[in-house]
Each structure stands twice: as C-alpha cells, then as structure tokens.
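Trainee: Have a look at the structure that comes next, please.
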Amino acid sequence: MKRLLKKKRETHSVELNELIDKCKKKERTAQKELFLRYKDDLYFLSLKYCRNQEQAEDNVHDTFIEVFQKIHTYKGTGSFEGWMKRMAIFKAIDKFKKGLKDNITYNPELGSDAEVAEETIECLSLSRILSCIQKLPDQYRLVFNLYQLDGFTHKEIARELGISEGTSNSNYHRAKKLLKKEINHLRQQAS
C-alpha cells in the first residue's frame, strides 16, 4: 500500500514538473491545465482574505497572472502549491494595503476573551463561518487569517501589513471577539 501511494505521488510530481516546465515555455494548453488544476484551491484561499466572491475571483485572476509571469523563478524546492498560495495571500494583502483608508481604532467593548464553544461552530456550515470571517473589518480579517489559518507569526504579519506586533496581536484578539459575537448570534437565530 505504501509503495502504491509513493508511486502515485511520484507520478503526480513528474506530471506537475512537466506541466511547470511547459508553463515556463509559455505553452497556453499547459497554462490552462495549471489554472484548471489549482483555481478552486486558490479561490477558496482567496475567499478567506477577500470581502466577497467577486474580490476572491479577482484575486485568483491576478494571482495566476503573476504565477505565469514569475513561474520561471520557481526552482522546484518546496511545494509548488504552497508557492502559489503564498502568492495569492500576498496579492490579497497588497490590495488591502492599496485600499487602506480607515485606521482601525480601539473599541473598548471588544475584550480579549474570544473562546467559542466547539458545539457553536459545529452547528454552522463552512460557508456560514466563512461569511462571518468575511464580515470582519479588513485588517482584522487579514490578521486573523494569516495567524489562525495560515500559521504566520505576529512578527511576520506586522512586517507584511506595516503594523506593530502588538497591533497584530490586538487585531487578532479583537477579530476573535467579533467572530464569537457573530457566531453566537447565528447560533441563537438557528435555535
């Protein structure tokens, strides 16, 4: 069984490497195949960072433009999918930075206690939870996703968003508090 799985991974890796090589040569059919293979993954990832479906679609489109422009820089070390996902995340962050007009101010009603009971989350569909995340103020949403869902540190987030580590940490806790409030509200509506 292990041999079969290893063989399957090696075959997929060879196919992907061939596809990447063809994309580096700007072969349209290879670019289309790569797009079709990864568009859904990048769309779902973009939904976490974007305010709505249209922005997520735009982010995927912009990401693939950059992927095809920079594919020659991919050296084959590390996950190709991970390389593209980071590109999608940073595209969304760049759009956020360009559109940054409002500073987030401290709201004393938001504390740092933001634990949500597992049964609260289990009663909601993934799309409802994603909708709650999308309703967060932009900077809170970005910090929450980068830290909680994609494993960035507050130091890395601070550097990417041009904020302090303390602000990143504070925004993360405030995002959790707002999510808790929204999820509890949805749960009450469902009861």
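The values are calculated or read from the model by the stated rules, or taken from the named source; none is laboratory data. Nothing here was measured: the structure is a model prediction, and the numbers come from that model. Virtual Cβ from ideal backbone geometry, glycine too; neighbours counted across all protein chains shown.
Trainee: Among the residues of the stretch 43-82, what is the count of those that are surrounded by 15 or more Cβ atoms within 10 Å (Cβ to Cβ) and among the β-branched types (Val, Ile, Thr)?
Mentor: Adding up the residues that qualify gives 4.
Per-residue answers, yes or no, for (1) more than 30 Å from residue 163 (Cα to Cα); (2) among the acidic types (Asp, Glu); (3) at pLDDT below 95:
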| position | (1), (2), (3) |
| --- | --- |
| 22 | yes, no, no |
| 29 | yes, no, no |
| 43 | no, no, no |
| 47 | no, no, yes |
| 56 | no, no, yes |
| 91 | no, no, yes |
| 102 | no, yes, yes |
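Trainee: Right, something else. Can you tell me how many residues within the stretch 141-159 are small (Gly, Ala, Ser) and in contact (Cβ under 8 Å) with a residue 40 or more places away in the chain?
Mentor: Number of matching residues: 0.
Trainee: Across the stretch 171-191, what is the total count of residues that are farther than 19 Å from residue 48 by Cβ and in contact (Cβ under 8 Å) with a residue 24 or more places away in the chain?
Mentor: Qualifying residue count, the stretch 171-191: 3.
Each row is one residue, and each column tells you yes or no for (1) on the phi < 0 side of the Ramachandran plot; (2) basic (Lys, Arg); (3) modelled with pLDDT under 90.
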{"site": "129", "(1), (2), (3)": "yes, no, yes"}
{"site": "135", "(1), (2), (3)": "yes, yes, yes"}
{"site": "140", "(1), (2), (3)": "yes, no, no"}
{"site": "144", "(1), (2), (3)": "yes, no, no"}
{"site": "147", "(1), (2), (3)": "yes, no, no"}
{"site": "155", "(1), (2), (3)": "yes, yes, no"}
{"site": "160", "(1), (2), (3)": "yes, no, yes"}
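Trainee: Starting from residues that are of a type in the set (S, T, N, Q) and under 11 Å from the mean Cα position of the chain (by Cα), keep the ones in the stretch 24-59 and report whichever is farthest from residue 89 (Cα to Cα).
Mentor: 59
Trainee: In the stretch 72-93, what residues are assigned to a helix (DSSP H, G or I), over 21 Å from residue 144 (Cα atoms) and within 20 Å of the chain's Cα centre (by Cα)?
Mentor: 80, 81
Trainee: Give just the number: which of (1) more than 14 Å from the chain's Cα centre (by Cα); (2) surrounded by fewer than 20 Cβ atoms within 10 Å (Cβ to Cβ); (3) among the small types (Gly, Ala, Ser) does residue 151 not satisfy?
Mentor: All conditions pass for residue 151, except number (1).
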